[in-house]
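Peer 1: One structure, as structure tokens, below. Some questions next.
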Amino acid sequence: MKSVEESEYFDMVKSLWSVPRVSNVVGARTRTEFLYTDTRSGVPSLYVWNSGECVAVSRDSNPVTGLYALHNVKPWVVFARDEKGNENFSVYVVDYETREVDRITQGGIGRLTELFWVSDDEWLVIGCNDQEYFITLLHRDGTRCNLYATDEQIVTADYDDRRELVVASVGRGPGSRIALMNIRKRNIAWISESDISEDTFPKVFPEKGYYAYVTDVEGESEVVVRFVDTHEIVSRVSVSGDIQFLPGRGNLEWLDETTLFAAPGQDAELSPRLVDIEEKVCSDPLTGISVTSSTRIGEGVVFAGSTLSCPPAIQSFKKGRVATVVPSCANSYSSYESHWYPSFDGKQIQGWLVKSKKEKAPLVVYCHGGPNFATLNIWDPELQALVKAGYHVFAPNFRGSTTFGSAFKNHNTGDIGGGDIKDVSYGAKYACKVLGVEGKPAIAGGSYGGYLTLQALTTQPEEWAGGVALIPLLDLLGTYEMVDAHYRALLVYLLGGTPEEKRDLYRERSPITHIENLKSPVLILAGENDSRCPLELIQRFHERATQLHLPVELEIMKEEGHVGFHLSSLIRTSVFQLEFLKTLFFHD
């Protein structure tokens with residue numbers, strides 16, 4: 001292949017990635033307008049929806065990551081931009097009527113996770129740097145006042161502008177707590193259901209003086225509502241499913257003083273529902289899409305969602321009815337089936353099967369990232385490209401995946417690259433049997449899915465025809481030494497301890513340790529500026545493989561980080577994957 005454009009897959013892949021992906025809706029309870037990102041320009045760009053009209057917020061074509069906030073009254077937006085893809089964010093303010101942009105920080109201030117308006121000239125910024133997590137008050141002149149710092153993860157937060165109160169979930173997994181802090185007085189109140197509960201996703205309702213959060217003890221989820229001032233419990237409502245489908249991502253919004261909008265994840269679906277805190281019930285699904293982002297605006301809620309075969313749309317729920325606000329770019333895409341199969345220990349594992357039109361097509365096993373995420377029933381151009389290129393695809397939601405309860409999510413803690421790899425292997429055998437595939441399958445995935453791909457190829461070398469690992473973890477010890485506070489905390493959570501406490505486990509569960517077992521060809525795709533899975537470690541793996549004469553290819557995505565922002569890079573990555581898989585199955 002002389003160039004990506006000359007590939008037989010180029011036009012197909014480009015058409016899939018060119019389908020506009022609308023996402024990350026953000027509004028304000030005092031406004032009818034809302035913000036969202038859309039990829040129609042070739043990168044995630046920021047738009048404002050106002051009275052049926054969608055307008056670009058700024059004139060430039062640089063990507064916006066999805067972290068932004070709308071002023072309560074004025075046509076102002078504060079947003080964070082990851083300049084180089086290395087998750088070191090700068091903060092900007094833009095007037096979307098004049099499109100004048102003001103850069104607030106002159107350099108990156110760390111990996112940011114939350115951003116709120118405090119006043120016309122102040123913003124509440126939450127994130128982490130190399131050393132710690134922080135809650136900071138950022139001023140228009142770029143100066144900062146640090147309010148709180150911790151070595152625990154601050155996973156999600158909300159802000160009560162009436163009381164100048166930030167409500168945050170601190171910690172990850174069992175033992176996490178809710179912190180309430182007045183940003184002027186800096187006094188902190190801590191709320192915890194128990195020493196083993198996972199208390200997350202706080203949401204405030206300033207008009208009534210309520211705050212809600214989700215608590216989970218051994219798989220039993222509840223939405224708890226308390227008074228801000230006294231912390232007295234107002235209501236507890238049992239909810240089936242995981243509100244948080246990805247750490248820091250989920251759907252819980254106040255609709256009015258008695259109702260919350262939620263999309264609890266259940267068996268890889270994110271169905272929108274209403275939680276009635278007076279009747280203590282959860283409604284049936286409001287519509288058939290999986291919701292990935294939601295926000296309260298005016299008298300209603302706006303949410304973005306999709307399915308595996310239908311691209312994203314934005315809908316609203318207002319006055320008891322659902323309406324489409326930004327329609328999907330609908331087309332005829334491959335349908336899907338949900339399957340369950342028993343793993344090595346009898347545990348039932350769910351997976352999505354998407355069949356090629358070619359009955360005798362090879363199988364690709366598709367591993368999601370995270371691992372506390374899932375292959376959800378949402379739009380995925382990469383999966384669709386595999387099917388259109390002539391492969392059956394099976395995507396197992398191995399242990400560690402969300403939307404199957406907290407016990408399942410935590411089941412691979414201290415055992416990553418162990419039971420989950422076996423779940424994937426058993427899923428491959430199950431799918432081969434269902435499809436009648438006789439040859440070995442390929443395995444592919446990104447981030448944690450890339451890690452599983454390489455761990456499978458190096459510890460189960462006889463089971464796979466080969467694979468594609470996108471932005472993978474390769475050396476857990478090396479990664480711990482090179483990443484920021486967030487990813488060090490993540491590794492400690494996933495492995496059940498620090499390298500000092502679990503050094504043998506860090507080494508044993510690293511693909512680099514087992515590289516000499518590799519037999520099947522593998523393509524590694526890496527981001528030049530990746531701060532999560534450092535390129536230096538990937539290059540070391542490739543160099544070692546070259547010394548051992550192992551079939552490892554490496555392609556580096558220039559000017560990209562862990563997540564590709566540019567459409568051209570995403571197309572390039574997908575085409576490389578398909579061309580490589582062709583050499584495994586269609587080389588004759």
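The values are calculated or read from the model by the stated rules, or taken from the named source; none is laboratory data. All of these numbers come straight from a predicted model, not from anything done at the bench. Every residue, glycine as well, gets a Cβ built from its backbone with ideal geometry; the counts of neighbours run over all protein chains shown.
Peer 1: Output the number of residues of region 66-92 satisfying the condition of being aromatic (Phe, Trp, Tyr), under 21 Å from Val563 (Cβ atoms) and surrounded by fewer than 21 Cβ atoms within 10 Å (Cβ to Cβ).
Peer 2: 1
Peer 1: While we're on this one: Please list, ordered by residue number, the strands (runs of 3 or more DSSP E) wholly in region 264-335 having 3 or more residues that are of a type in the set (Ser, Thr, Tyr) and buried (at least 20 other Cβ atoms within 10 Å of the Cβ).
Peer 2: Working: elements: 273-276, 290-297, 300-307, 310-318, 321-326.
Of the strands (runs of 3 or more DSSP E) lying wholly inside region 264-335, those with at least 3 residues that are of a type in the set (Ser, Thr, Tyr) and buried (at least 20 other Cβ atoms within 10 Å of the Cβ) span 290-297.
Peer 1: Within region 264-271, is even one residue in contact with a Leu (Cβ under 7 Å, 6 or more places away or on another chain), modelled with pLDDT of 95 or more and polar (S, T, N, Q)?
Peer 2: Checked region 264-271: no residue is in contact with a Leu (Cβ under 7 Å, 6 or more places away or on another chain), modelled with pLDDT of 95 or more and polar (S, T, N, Q).
Peer 1: For region 67-118, list the strands (runs of 3 or more DSSP E) that sit wholly inside it and hold at least 3 residues that are within 26 Å of the chain's Cα centre (by Cα) and not β-branched (Val, Ile, Thr); which are they?
Peer 2: It comes to 68-70, 76-82, 89-95.
Peer 1: Now a separate question. In region 342-378, how many are part of a loop (DSSP other than H, G, I, E, B), aromatic (Phe, Trp, Tyr) and crowded, with 18+ Cβ neighbours inside 10 Å?
Peer 2: Matching residues across region 342-378 total 1.
Peer 1: A follow-up question, please. Within region 2-20, identify whether any single residue is under 19 Å from Gly300 (Cβ atoms), among the hydrophobic types (A, V, I, L, M, F, W, C) and buried (at least 18 other Cβ atoms within 10 Å of the Cβ), and answer yes or no.
Peer 2: Checked region 2-20: no residue is under 19 Å from Gly300 (Cβ atoms), among the hydrophobic types (A, V, I, L, M, F, W, C) and buried (at least 18 other Cβ atoms within 10 Å of the Cβ).
Peer 1: Given the conditions (1) part of a helix (DSSP H, G or I); (2) of a type outside the set (Val, Ile, Thr); (3) at pLDDT 95 or above, report the number of the one that Lys409 does not fulfil.
Peer 2: With respect to (1) part of a helix (DSSP H, G or I); (2) of a type outside the set (Val, Ile, Thr); (3) at pLDDT 95 or above, Lys409 is out only on (3).
Peer 1: Look through region 517-535, keep the residues that are closer than 19 Å to Leu476 by Cβ and modelled with pLDDT of 95 or more, and return whichever of them is farthest from the chain's Cα centre (by Cα).
Peer 2: Once the filter is applied, the top-ranked residue is Asn517.
Peer 1: OK, next. What's the number of the only condition in (1) within 18 Å of Met181 (Cα to Cα); (2) surrounded by fewer than 21 Cβ atoms within 10 Å (Cβ to Cβ) that Tyr133 fails to meet?
Peer 2: (2)
Peer 1: For region 381-406: of the residues being in a helix (DSSP H, G or I) and touching a strand residue (DSSP E or B) at 6+ places or on another chain (Cβ under 9 Å), which is farthest from Val13 (Cα to Cα)?
Peer 2: Ser406
Peer 1: Within region 51-65, take every residue that is among the polar types (S, T, N, Q) and either crowded, with 16+ Cβ neighbours inside 10 Å or in contact with a Pro (Cβ under 9 Å, 6 or more places away or on another chain) (or both) and give me the one that is modelled with the highest pLDDT.
Peer 2: Our first condition is that a residue be among the polar types (S, T, N, Q); within region 51-65, this holds for 51, 58, 61-62, 65.
Those still in the list that are either crowded, with 16+ Cβ neighbours inside 10 Å or in contact with a Pro (Cβ under 9 Å, 6 or more places away or on another chain) (or both) too: 58, 65.
Working: Ser58: 85, Thr65: 71.
This residue is Ser58.
Peer 1: Follow-up. Out of Gly298, Gly370, Gly351, Gly320, which single residue is in contact (Cβ under 8 Å) with a residue 60 or more places away in the chain and not assigned by TED's automatic domain parsing to the domain that holds Ser574?
Peer 2: Answer to the check: Gly298.
Peer 1: Still on this structure, I have one more. Confirm whether Leu567 is on the phi < 0 side of the Ramachandran plot and surrounded by fewer than 20 Cβ atoms within 10 Å (Cβ to Cβ).
Peer 2: Spelling it out, Leu567 is indeed on the phi < 0 side of the Ramachandran plot and surrounded by fewer than 20 Cβ atoms within 10 Å (Cβ to Cβ).
Peer 1: Please specify each residue of region 173-203 satisfying the condition of being of a type in the set (Gly, Ala, Ser) and either assigned to a strand (DSSP E or B) or free of Cβ contacts under 8 Å to residues at least 12 places away in the same chain (or both). First the steps, then the outcome.
Peer 2: Within region 173-203, the first condition is being of a type in the set (Gly, Ala, Ser), and the residues that meet it are 173, 175-176, 179, 189, 192, 194, 197.
Those that are of a type in the set (Gly, Ala, Ser) and either assigned to a strand (DSSP E or B) or free of Cβ contacts under 8 Å to residues at least 12 places away in the same chain (or both): Ala179, Ala189.
Peer 1: Take the conditions of a type in the set (D, E, K, R), assigned by TED's automatic domain parsing to the domain that holds Phe580 and free of Cβ contacts under 8 Å to residues at least 60 places away in the same chain and apply them to Asp504. Does it pass?
Peer 2: Yes, satisfied.
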